Amino acid sequence: MWRAPVAADGLPVVADHPVFVSVNDEYAAAAKDAAVRPPGRQAAVLLPHLLEAVGHHPLDEALQGGTR
């Protein structure tokens with residue numbers, strides 16, 4: 001799992017390219033899917049990644065709330 005938005009270190013023009021925006025949206029969607037699944041044994045491993053995703057997508061209300 002990557003640790004930052006795609007092309008975060010690049011120029012804004014690059015980071016705003018539709019391909020990179022799409023990958024970032026997929027990352028947020030995967031985090032939301034993981035958040036709504038029963039945690040089970042993976043909760044301790046999953047939680048730091050979910051918190052990181054929340055930090056990268058502060059305006060995503062569904063991700064911030066942990067629901068869809």
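Values quoted throughout were computed directly from the atomic coordinates according to the rules given, and no laboratory measurement underlies them. These figures come from a predicted structure and were not determined experimentally. Glycine gets a Cβ as well: all are built from the backbone with ideal geometry, and neighbour counts include every protein chain shown.
Given R₀ = 30 Å, what would the calculated FRET efficiency be for Ala44 paired with Val19, taking r from the Cβ atoms and rounding to 0.05?
Values: r = 33 Å, r/R0 = 1.11.
Rounded to the nearest 0.05, the efficiency is 0.35.
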Worksheet entry | Tail weight of P(r) past 16 Å, computed on alpha-carbon pairs of region 12-65, percent | 44 percent
Fill in: Virtual spin-label span in nm between Arg37 and Glu52, 7 Å along Cα→Cβ
1.7 nm
